[in-house]
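J.: First the structure, which I've put down as structure tokens, then a few questions once you've had a look.
The values are calculated or read from the model by the stated rules, or taken from the named source; none is laboratory data. Model, not experiment: these values are computed from the prediction. We place every Cβ from the backbone using ideal geometry, glycine too, and count neighbours over all the protein chains shown.
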Amino acid sequence: MSAAERLIRYCKIDTQSDPKSATSPSTQKQFDLAEVLAEELRELGLEDVYLDEYCNVYAHMPANQDKSGKTIGFIAHMDTSPDYNGANVNPRIISAYDGKDIELGEGVVTRIKDFPKMSEHAGHDLMVTDGSSLLGADDKAGIAAIMEALVYWKEHPEEAHCRIAVAFTPDEEIGRGTEHFDLQRFDAAFAYTMDGGDIRTITDETFNAAEAIVTFRGFSIHPGSAKNKLVSAVNLAMEYHALLPEHMRPEHTEGKEGYIHVTEIRGTTESAVMEYILRDHDRQKLEDKIELMNRAASWINARYGEGSCNVEIIRGYRNMKEILNNYPEVMGLAEKALLEMGLQPVSEGARGGTDGANLSFMGLPCPNLGAGGGNAHGRYEFCDLWELEQSSILIRKIAEKMAGGEY
Ligand SMILES: [Zn+2]
């Protein structure tokens, strides 16, 4: 089975996660893929293959010729995004992509003007959807890359590698991928999530995240006799929102610029609630954004009375660079491996979080590497099959360098 065939097999299994579910995993159907993967790992002869009740799959491959005595982990997530249909995925391969618009089907076209980076994949074989679903290369490409490396090692015992830990996890897309991750069972010195796009990109940074729930209290009275009495909570909410700088909205930010993004508004004259997410790579700048939210609330309260506006801050994941800075060799190993493959490494900050960020703070340093997918979470999703192949070579190179004592 080629990496592409493997990817098609995984993509056809619906594993969509559900943010509204309170169970772990959030959807039972993620077990459909977990069971297939556990079986494949057993067939490959991996040790202590284990599928737990939370739908985490673990396994180990012993070292063959190793000077390091250490274990490197590789992790990919099994679920697909709840943002778009993940059922009846019908992948198709375009051989030697011509770099132009792609007719996906059902009148859906991937246009270069909407996705200008697509043309960079010209000449490569691409896997695409039929226009009715997402593909699921996020992150089944990561799973396929890891499996492909394991198969290679089994068939080529002459290639040195250190001890390998593998984990496939559920519910990454709803931010719960590491909720029940068992670090002891995984038993690795450090790991890489294989959950990125471009194969040259090593992600060693994430945002710092916070959520703000802003509540407004109004004073409701019949509008016919409301003069100088009525206070509309909806108006307070709009006034509050207008106090926040427009240039901090996500649609005006990129690169290392953080943002304040309103995700929900609901309300009546009596009460209103606005929900925001705040993001910044720089921890102090995130604190500054929180301060801005609080100052806007003070302004509303000064004008309409104490208790008119209340801000509740819920802190989320943190930038993993804080941790990874203490382990330069983890990044170094991946960089050296890429260079040996003739690829120029690019280190990039993710404009989001990763499971690796949580794992890094749990004690397992874990940057993210590319697996070849693109345009994730929708029907324009694709996988560059050359990059998928390179991703699996990258895994092997990293393990080979570790075995050679380069850690
Ligand atoms: Zn992903």
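J.: Show me the strands (runs of 3 or more DSSP E) entirely contained within the stretch 320-407 in which 2 or more residues are in the same structural domain as residue 80 (by TED's automatic domain parsing) and away from the ligand (no atom under 16 Å from the Cβ). Outline the logic, then answer.
T.: Details: elements: 346-349, 368-370, 382-384.
Fully inside the stretch 320-407 and qualifying: 346-349.
J.: Restricting to the stretch 129-144, and then to whatever is charged (D, E, K, R) and in contact with a Gly (Cβ under 7 Å, 6 or more places away or on another chain), can you tell me which residue is nearest to residue 107 (Cα to Cα)? First the steps, then the outcome.
T.: Start the filter on the stretch 129-144 by keeping residues that are charged (D, E, K, R), which leaves 130, 138-140.
With the extra rule that they be in contact with a Gly (Cβ under 7 Å, 6 or more places away or on another chain), the set shrinks to 130, 138.
Numbers: 130: 10, 138: 24 Å.
Only one residue fits best here, namely 130.
Rundown of residues vs (1) more than 25 Å from residue 154 (Cα to Cα); (2) modelled with pLDDT of 95 or more; (3) surrounded by 21 or more Cβ atoms within 10 Å (Cβ to Cβ), yes/no style:
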position	(1), (2), (3)
1	no, no, no
21	yes, yes, no
24	yes, yes, no
37	no, yes, yes
50	no, yes, no
55	yes, yes, yes
58	no, yes, yes
66	no, no, no
72	no, yes, yes
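J.: Follow-up. Can you pull out every residue in the stretch 56-86 that is in a loop (DSSP other than H, G, I, E, B) and within 16 Å of the ligand (Cβ to nearest atom)?
T.: Residues of the stretch 56-86 in a loop (DSSP other than H, G, I, E, B): 56, 62-70, 78-79, 81-86.
Scanning the stretch 56-86 gives 56, 78, 79, 81, 82, 83, 84, 86.
J.: Residue 33 passes all but one of (1) under 16 Å from residue 57 (Cβ atoms); (2) under 19 Å from the mean Cα position of the chain (by Cα); (3) in a loop (DSSP other than H, G, I, E, B); which number fails?
T.: Only one criterion is unmet by residue 33, namely (3).
J.: Within the set of pairs 6 or more residues apart or between chains, which connect a residue that is in the same structural domain as residue 262 (by TED's automatic domain parsing) inside the stretch 223-238 to a residue that is charged (D, E, K, R) with Cβ atoms less than 7 Å apart?
T.: What qualifies is 233/217; 233/270.
J.: May I ask you to list the residues in the stretch 147-189 that are surrounded by fewer than 24 Cβ atoms within 10 Å (Cβ to Cβ), within 16 Å of the ligand (Cβ to nearest atom) and not in a loop (DSSP other than H, G, I, E, B)?
T.: Selection gives 174 alone.
J.: So which residues in the stretch 87-103 are out of contact with any Ser or Thr (no Cβ under 6 Å at 6 or more places or on another chain) and in a strand (DSSP E or B)?
T.: Matches in the stretch 87-103: 92, 93, 94, 103.
J.: Let me ask something additional. Of these, 303, 266, which one is part of a strand (DSSP E or B) and without any contact (Cβ under 8 Å) to a residue 24 or more places away in the chain?
T.: Working: 303 fails: part of a strand (DSSP E or B).
Going through 303, 266 in turn, the sole match is 266.
J.: Separate question: From the list 101, 66, which residue is farther than 30 Å from residue 400 by Cα and in the same structural domain as residue 398 (by TED's automatic domain parsing)? Before you say what the answer is, go through the steps one by one.
T.: Numbers: 66 fails: farther than 30 Å from residue 400 by Cα.
When all the criteria are applied, what remains is 101.
J.: Mind checking which residues of the stretch 36-55 are within 15 Å of residue 177 (Cα to Cα), in a loop (DSSP other than H, G, I, E, B) and among the hydrophobic types (A, V, I, L, M, F, W, C)? Show your work before the answer.
T.: Pass one, the stretch 36-55, residues within 15 Å of residue 177 (Cα to Cα): 51-55.
Filter again for in a loop (DSSP other than H, G, I, E, B), leaving 52-55.
Answer for the stretch 36-55, where residues must be within 15 Å of residue 177 (Cα to Cα), in a loop (DSSP other than H, G, I, E, B) and among the hydrophobic types (A, V, I, L, M, F, W, C): just 55.
J.: Considering only residues that are within 11 Å of the ligand (Cβ to nearest atom) and in a strand (DSSP E or B), which ones fall in the stretch 190-202? Break it down into steps so the answer makes sense when it comes.
T.: To start, the set of residues in the stretch 190-202 that are within 11 Å of the ligand (Cβ to nearest atom) comprises 193-197.
Within the stretch 190-202, 193, 194, 195, 196 qualify.
J.: Same structure, new question: What's the number of the only condition in (1) within 16 Å of the ligand (Cβ to nearest atom); (2) under 22 Å from residue 125 (Cα atoms); (3) of a type in the set (A, V, I, L, M) that residue 102 fails to meet?
T.: (1)
J.: Can you name the residue in the stretch 382-407 that is in contact with a strand residue (DSSP E or B) (Cβ under 7 Å, 6 or more places away or on another chain) and over 27 Å from residue 68 (Cα atoms) and, of all such residues, is surrounded by the most Cβ atoms within 10 Å (Cβ to Cβ)? Working first, answer last.
T.: In the first step, residues of the stretch 382-407 are kept if they are in contact with a strand residue (DSSP E or B) (Cβ under 7 Å, 6 or more places away or on another chain); the result is 382-385, 387, 391, 394-395, 398-399, 402.
Within this subset, residues satisfying the condition of being over 27 Å from residue 68 (Cα atoms) are 382-385, 387.
Details: 382: 27, 383: 33, 384: 27, 385: 25, 387: 25.
Filtering the stretch 382-407 for residues that are in contact with a strand residue (DSSP E or B) (Cβ under 7 Å, 6 or more places away or on another chain) and over 27 Å from residue 68 (Cα atoms), the one surrounded by the most Cβ atoms within 10 Å (Cβ to Cβ) comes out as 383.
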